[in-house]
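The values are calculated or read from the model by the stated rules, or taken from the named source; none is laboratory data. Since we're looking at a predicted model, the values are computed, not measured. Backbone-built Cβ (ideal geometry, glycine too); neighbour counts: all protein chains shown.
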Amino acid sequence: MPADDIDPWDDPTAKPLIRFDRVTKRFGEFTAINNLSLNIFETEFFALLGPSGCGKTTLMRMLAGFESPTEGHIFLSGQDLAPIPPNKRMVNMMFQSYALFPHLTIYDNIAFGLRRQKTPKAELAERVDEMLNLTRLEKFAHRKPDQISGGQRQRVALARSLAKKPKLLLLDEPLGALDKKLRQETQFELMDIQEKTGTTFVIVTHDQEEAMTVASRVAVMDEGQLVQVSTPDVIYEMPNSVYVADFIGDVNLIEGKAKKVEDGIDLNWAENQPTLHCKTNKSVSNGQICHLAIRPEKITIQSDTPETKNKVQGTILDIAYLGNISTYHVQLSSGHVIKAQTSNTRRIARRSFTWEDTVWLSWTETAGIVLDK
Amino acid sequence: MKRYSWFNVTSLAAGFAFLYLPILILIIYSFNENRLVTIWAGFSTKWYVELFQNELFLDAAWVTLQVAVISSTVATVLGVMAAYVLIRAGRFWGQTLFSGLIYAPLVMPEIITGLSLLLLFIGIGLDRGITTIVLAHTTFSMCFVSVVVSSRLVLFDRSLEEAALDLGCTHWQAFQLVTLPNILPAIISGWLLAFTLSLDDLVIASFSAGPGATTLPIRIWSSVRLGVSPEINALSTILIGFVTFGIILASLISKWKSLSNSTDL
């Protein structure tokens, strides 16, 4: 991390490690990547997030060298990658299936890349031991990949791809094959290793929680384009579109006609209902259709009439009890269903609301965000 | 379920009897003292001794072995290459046609294959002998190798090759260091299949063999037409021994291969 306060992506003078310059990739008639430009900086942990088929894997495979752009250029440290074959790039990849060589031991798997570049014996042994140590695999060095567990295989794959000290490590759905508990542990392990080695990581995932946990910046992709590229908190708190708001976490989307007022807009969202007020500096024209996005945890649920301006009344349709939190699905008289979340700070027996109860939902004028696309 | 129920035992016994009883009878009668093949007159190895003094059979055996080794080796190289291209090259123009053409000899009547090869050899003026038998056997056995190897390649995870490239291999190194060791059992069994096919082929060999080179099956067939002699039984027993030894060896090799840890190159 640079010592100054400013992050490299906000610093116009910073030189990116990877630069996608108007890259397009077509497979026959199908456009996988559409005129995409993106900068990724040194020591970043960058996540490409999107549903399957959005082009994130293609983007990664172009970095590794298994695909080449139809149009545009990709630069690594200022050097055009196009003429460099995969085996000559300072880029290594951790495959989704791990792709461990079944006929080699864990030791030989990790040493494979070093042997190809004719590393001297002593140095090779030292480096492999260092990798085994880093991934806590010393005990398994002489086993074959089919003699260890899934979590251990994942670590072998990581060690093997880090052994050559790449400038850039690509991780293709690295935790997809692990169960939830192990996945969460491994996420922290990955972040640890990334910090220790100082390598730039680019991770491809469809799991938004994973992207939010590990990444310094997240790029949300859809249909071969970047929808939003930002830090996890900005992506969550200030999504730039309905697509991003809906893709990341849980959200209530209320559609309505905007009316400009002094410090924001009033949203006329249903007949015979008071308008909803939202502070924003977005320039929205009068009468424009837009969405108000509010996260369920920012909505307060209570039985008395609240004091705030934004309030709606409804009946509880469903309660999703998750242990630490509960999500209430509240149906309004207009037919809208709004989700509100509360922390279960009290025991469930003392829960104030139950099915069919009439409740008030309210939120502050800064809780929501206005989205016009 | 009981493992040794009467049904399991009976069906196993019936199945093995069906497969191996004729061979067993042949082996037993090869040690028969009597000149008449079907009448038992006591144990003897004299037919083996006579066999090894029979120049005709020994020559034929030597030709057969040469043909089998060369043709199965060439067929394995060609078959692996064909399988690799058909499975790995992705979609290319005429792919379906090519794979169809490779597999067609599997179902082609041998007599047609033999006849067409004969016409070709006459047409290009190639004298019939060991060379023509080798060419003919390579032609029909490479498709078997290709079938065996491609069924293994289909299961082989392609990202393994990509990982090898990613870690600094050239395409050839990736094939040599990663693909080859992993499909080796299939290649060995393909070679053995080609070897066995060449060893026992009669029809195609009769079309492509010349006066100077006769294979063992042709020799056996022509001598049987004069009456089955116990010598033939002895010869067949040796052949069976050969094949059994080869198969046991091959399975031991692949077993040892998968157990050994020292695969460092």
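Show the residue pairs that are 6+ apart or on different chains and have beta-carbon atoms under 7 Å apart, the first residue being within region B:64-93 and touching a residue at least 60 places away in the same chain (Cβ under 8 Å), the second being surrounded by fewer than 19 Cβ atoms within 10 Å (Cβ to Cβ) and aromatic (F, W, Y).
What qualifies is B:L86/B:F98.
If I ask for residues that are without any contact (Cβ under 8 Å) to a residue 40 or more places away in the chain, surrounded by 18 or more Cβ atoms within 10 Å (Cβ to Cβ) and within 29 Å of A:A219 (Cα to Cα), which ones from region A:244-284 would you list?
Answer for region A:244-284, where residues must be without any contact (Cβ under 8 Å) to a residue 40 or more places away in the chain, surrounded by 18 or more Cβ atoms within 10 Å (Cβ to Cβ) and within 29 Å of A:A219 (Cα to Cα): A:V244, A:G256.
Only one of (1) facing chain A (nearest Cβ under 7 Å); (2) of a type outside the set (A, V, I, L, M); (3) in contact with a helix residue (DSSP H, G or I) (Cβ under 7 Å, 6 or more places away or on another chain) is not met by B:P181, so which one is it?
(3)
Among the residues of region A:102-114, which ones are buried (at least 24 other Cβ atoms within 10 Å of the Cβ) and either in a loop (DSSP other than H, G, I, E, B) or more than 8 Å from every other protein chain (Cβ to nearest Cβ) (or both)?
Within region A:102-114, A:I106, A:N109, A:I110 meet the criteria.
Consider A:M62 carefully, then state whether it is more than 11 Å from chain B (Cβ to nearest Cβ), surrounded by 15 or more Cβ atoms within 10 Å (Cβ to Cβ), farther than 20 Å from B:L160 by Cβ and in contact with a Lys or Arg (Cβ under 9 Å, 6 or more places away or on another chain). Working first, answer last.
Numbers: more than 11 Å from chain B (Cβ to nearest Cβ): yes; surrounded by 15 or more Cβ atoms within 10 Å (Cβ to Cβ): yes; farther than 20 Å from B:L160 by Cβ: yes; in contact with a Lys or Arg (Cβ under 9 Å, 6 or more places away or on another chain): yes.
Taking the combined requirement at face value, the residue satisfies it.
Collect the residues in region A:235-283 that are closer than 16 Å to A:H336 by Cβ, over 29 Å from the mean Cα position of the chain (by Cα) and in a loop (DSSP other than H, G, I, E, B), keeping them in residue-number order.
Answer for region A:235-283, where residues must be closer than 16 Å to A:H336 by Cβ, over 29 Å from the mean Cα position of the chain (by Cα) and in a loop (DSSP other than H, G, I, E, B): A:W269, A:A270, A:E271, A:N272, A:Q273, A:P274, A:T275.
In region B:111-130, which residues are closer than 9 Å to B:S208 by Cα and not charged (D, E, K, R)? Break it down stepwise before answering.
Kept after step one, since they are closer than 9 Å to B:S208 by Cα, are these residues of region B:111-130: B:114-115, B:117-118, B:121, B:128-130.
Result: B:G114, B:L115, B:L117, B:L118, B:F121, B:G129, B:I130.
Only one of (1) touching a Lys or Arg at 6+ places or on another chain (Cβ under 8 Å); (2) surrounded by 23 or more Cβ atoms within 10 Å (Cβ to Cβ) is not met by A:L171, so which one is it?
Exception for A:L171: condition (1).
Could you list, in sequence order, the residues of region A:124-146 that are loosely packed, with under 14 Cβ neighbours inside 10 Å and touching a helix residue (DSSP H, G or I) at 6+ places or on another chain (Cβ under 8 Å)?
Residues satisfying the conditions are A:R136, A:E138, A:H142.
Which condition number does A:M94 fail, the rest of (1) more than 14 Å from chain B (Cβ to nearest Cβ); (2) of a type outside the set (D, E, K, R); (3) crowded, with 16+ Cβ neighbours inside 10 Å being met?
The single condition A:M94 does not satisfy is (1).
Restricting to region B:106-137, give me the number of residues that are more than 13 Å from B:V67 (Cα to Cα) and β-branched (V, I, T).
Count: 6.
Run down A:A32, A:A64 and say which single residue is touching a Ser or Thr at 6+ places or on another chain (Cβ under 6 Å) and within 24 Å of B:E162 (Cβ to Cβ). Break it down stepwise before answering.
On the way: A:A64 fails: touching a Ser or Thr at 6+ places or on another chain (Cβ under 6 Å).
Of A:A32, A:A64, the one residue that is touching a Ser or Thr at 6+ places or on another chain (Cβ under 6 Å) and within 24 Å of B:E162 (Cβ to Cβ) is A:A32.
Out of (1) under 25 Å from the mean Cα position of the chain (by Cα); (2) more than 8 Å from chain B (Cβ to nearest Cβ); (3) on the phi > 0 side of the Ramachandran plot, the odd one out for A:A99 is which?
Going through (1) under 25 Å from the mean Cα position of the chain (by Cα); (2) more than 8 Å from chain B (Cβ to nearest Cβ); (3) on the phi > 0 side of the Ramachandran plot one by one, A:A99 breaks only (2).
Tell me which residues, restricted to region B:116-156, are surrounded by 15 or more Cβ atoms within 10 Å (Cβ to Cβ), β-branched (V, I, T) and touching a residue at least 24 places away in the same chain (Cβ under 8 Å).
The answer is B:I130, B:T132, B:I133, B:V134, B:T138, B:T139, B:V145, B:V147, B:V148, B:V149.
Hey, does region B:169-177 have a residue that's of a type in the set (A, V, I, L, M, F, W, C) and within 21 Å of the chain's Cα centre (by Cα)? Before the answer, list the steps.
The initial filter retains those residues of region B:169-177 that are of a type in the set (A, V, I, L, M, F, W, C), namely B:169, B:172, B:174-175, B:177.
Within this subset, residues satisfying the condition of being within 21 Å of the chain's Cα centre (by Cα) are none.
Checking region B:169-177: not a single residue is of a type in the set (A, V, I, L, M, F, W, C) and within 21 Å of the chain's Cα centre (by Cα).
Please state which of the following conditions A:Y328 fails to meet, knowing it meets all the rest: (1) more than 22 Å from A:A245 (Cα to Cα); (2) outside any loop (DSSP other than H, G, I, E, B); (3) out of contact with any Ser or Thr (no Cβ under 6 Å at 6 or more places or on another chain).
Going through (1) more than 22 Å from A:A245 (Cα to Cα); (2) outside any loop (DSSP other than H, G, I, E, B); (3) out of contact with any Ser or Thr (no Cβ under 6 Å at 6 or more places or on another chain) one by one, A:Y328 breaks only (1).
Go through region A:140-231 and tell me which helices (runs of 4 or more DSSP H), entirely inside it, have 2 or more residues that are among the charged types (D, E, K, R) and away from chain B (no Cβ under 14 Å).
A:180-197, A:208-214
Kindly provide the set of residues from region A:284-319 that are more than 25 Å from A:I235 (Cα to Cα) and small (G, A, S), ordered by number.
Answer for region A:284-319, where residues must be more than 25 Å from A:I235 (Cα to Cα) and small (G, A, S): A:G287, A:S303, A:G314.
For region B:222-247, give me each residue that is outside any helix (DSSP H, G or I) and touching a residue at least 24 places away in the same chain (Cβ under 8 Å).
If we filter region B:222-247 for residues that are outside any helix (DSSP H, G or I), which is where we start, we get B:225-229.
B:V228, B:S229, listed by residue number.
What single numbered condition from (1) surrounded by 19 or more Cβ atoms within 10 Å (Cβ to Cβ); (2) more than 20 Å from B:V77 (Cβ to Cβ); (3) touching a Pro at 6+ places or on another chain (Cβ under 8 Å); (4) more than 14 Å from chain A (Cβ to nearest Cβ) fails to hold for B:L202?
Here B:L202 meets the rest and fails (1).
Do we find a residue being within 14 Å of another protein chain (Cβ to nearest Cβ) and of a type in the set (S, T, N, Q) anywhere in region B:142-160? I'd like the intermediate steps shown before the answer.
Residues of region B:142-160 that are within 14 Å of another protein chain (Cβ to nearest Cβ), as a first pass: B:152, B:155-160.
Now drop any that are not of a type in the set (S, T, N, Q), which leaves B:159.
Yes, there is a match, as at least one residue in region B:142-160 is within 14 Å of another protein chain (Cβ to nearest Cβ) and of a type in the set (S, T, N, Q).
For (1) of a type outside the set (A, V, I, L, M); (2) modelled with pLDDT of 85 or more, each residue gets a yes or a no:
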{"residue": "A:P306", "(1), (2)": "yes, yes"}
{"residue": "A:K311", "(1), (2)": "yes, yes"}
{"residue": "A:I319", "(1), (2)": "no, yes"}
{"residue": "A:Q331", "(1), (2)": "yes, yes"}
{"residue": "A:S334", "(1), (2)": "yes, yes"}
{"residue": "A:S343", "(1), (2)": "yes, yes"}
{"residue": "A:T358", "(1), (2)": "yes, yes"}
{"residue": "A:D372", "(1), (2)": "yes, no"}
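Just give me the residues in region A:281-301 being modelled with pLDDT of 85 or more, in contact with an Asp or Glu (Cβ under 9 Å, 6 or more places away or on another chain) and not aliphatic (A, V, I, L, M), in sequence order.
Of everything in region A:281-301, those that are modelled with pLDDT of 85 or more, in contact with an Asp or Glu (Cβ under 9 Å, 6 or more places away or on another chain) and not aliphatic (A, V, I, L, M) turn out to be A:Q288, A:C290, A:H291, A:R295, A:P296, A:E297.
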